[in-house]
Amino acid sequence: MVHLDRMLEYFLGGKGTRPDKRLVMAMAAGTVLSIRVPPSLAARLDRMAKASARTRSFVALRALESYCENEEELLKKIRGYIEQRLAQRRTPRPHPR
């Protein structure tokens with residue numbers, strides 16, 4: 001998301017680099033996702049957006065990206081553990097004498 005930060009900075013008049021036209025087009029072609037959230041969560045989102053001078057959508061997008069990355073990593077670890085346990089079960093054990 002470094003490109004998004006630089007692009008946003010550029011559009012806000014900062015010293016960011018001019019965004020690549022392909023990146024701008026890809027963002028414009030994004031999918032709209034509508035979700036219901038409790039009022040307390042919406043208020044938290046608004047506070048974070050205001051405190052960071054970002055839009056509500058930007059903060060929500062970052063939160064979703066972070067959540068997906070964490071969950072993908074967790075699932076990868078779980079699958080690895082399951083595969084390891086299954087491999088241990090398949091390994092023949094010597095019988096006690």
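Read-outs: derived from the displayed coordinates by stated rules, not from any lab. Every value quoted in this text rests on a predicted model; they were computed, and no experiment measured them.
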* How many percent of Cα pairs in the range 34-92 exceed 13 Å? -> 71 percent
* Mind checking the full-extension length gain between Leu33 and Asp46? Use 0.36 nm per residue of separation minus the Cα-Cα distance, one decimal, nm. => 2.9 nm
